[in-house]
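Bear in mind that the values in this text are calculations on the coordinates, not laboratory data. Keep in mind that what you see is a predicted model, and the values were worked out from it rather than measured. So basically every Cβ, Gly included, is an ideal-geometry build from the backbone, and we count neighbours across all protein chains shown.
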Amino acid sequence: MPQTPQENGIALRVWDAPTRQFHWLLSILIGVSWLSGEVGMMAVHTASGLIILTLLVFRLVWGIVGSTTARFSYFVRGPQVVQAYLAGLLRTPIEPLAGHNPAGGLAIVLMLAALAVQAGSGLFANDDIFTEGPLAHLVSKATSDGLTILHKVTFNILLGLISLHLLANLFYLLVKGENLIRPMITGYRPWPAGQAEPQLHFAGPILAFLVLALSILAVWGLVQL
């Protein structure tokens, strides 16, 4: 595992490139989807939504077969663990973790679920004028209208989750002195000297490419229905 010496420890690799690229590309596309929807650029809005759906399929599969820190089995914890972590957050120093902490893991699951509902409902939505989702023809107009409402409501929920995510990052930076954003850019986080390093496996680019290709194929097949 590549490591870079630091004055007070090492730089430990915690995030693989596919996970980081997913994070930042998804962030950009959420902004594109919002802006294109606001200004009525529905072709861009639809394309952005389909790319987001492809990324979600990729992330779901990558969360099963990908690198250690990307796997749901590694960072998803039960409610008691999350509650205990949050209860001690202000009282105790942060223990260095490779990957998401218990609260962050919960936030990731909630955001992915909201995005899945958002992208999924968009497939059946309509704007009552010219544009409808690629699968709107499979359902009745009433069902499409209902899913359009769900599409709009879920976006507000998603905005709330994103806001909490950003506030949490500010809290960790300003109160706990831990920069959670830099590792998602560089792939590395500071690790104390003398502390046991976690044994992490990093999946290779060929596997990432295969998962992405299958994700693209799955979404393409879906919109052909």
For segment 22-120, treating each Cα as an identical point scatterer without solvent, what Debye log10 I(q)/I(0) comes out at q = 0.16, 0.17, 0.18, 0.25 1/Å? -0.77, -0.83, -0.88, -1.27
Check each of the trypsin sites (Lys or Arg not before Pro) in segment 10-91 and keep only those in coil by DSSP with at most 11 other C-beta atoms within 10 angstrom; list them in order. ARG91
What shape does the chain have by the C-alpha gyration tensor, where a ≥ b ≥ c are the square roots of the eigenvalues, rounded means a/c under 1.5, and otherwise prolate means a/b greater than b/c and oblate the rest? prolate
What residues qualify as long-range amide H neighbours of LEU89, i.e. H under 5 Å apart, gap of 5 or more or another chain, H built at 1.01 Å from N? none
Long-range amide H partners of SER67, meaning residues 5 or more apart or on another chain whose placed amide H is closer than 5 Å, are ALA203
Can you give me the span-like helices of the chain, meaning DSSP H runs with 15 Å or more of Cα extent along the axis and Kyte-Doolittle mean at or above -0.5? 17-39, 42-65, 102-122, 141-174, 205-223
If you build the convex hull over the alpha carbons only and average its shadow over all orientations, what do you get for segment 113-200? Give it in nm² to one decimal. 9.1
What is the set of long-range amide H partners of ASN126 at a cut-off below 5 Å, with H atoms built 1.01 Å from backbone N? GLY133, THR148
Among ILE181, ILE206, ILE94, the residue with the largest mean-square fluctuation in a Gaussian network model of the chain built from Cα contacts under 10 Å is ILE206
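If Lys and Arg each add +1 and Asp and Glu each add -1, what is the summed charge of the other residues whose beta carbon sits under 14 Å from the beta carbon of THR186? Intermediate results must be reported in sequence, preceding the final value.
On the way: positive: ARG13, ARG20, ARG182, ARG189; negative: ASP16.
So the surrounding residues net to +3.
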Extension gain, GLU38 back to VAL139 (0.36 nm per residue minus Cα-Cα distance, nm): 33.8 nm
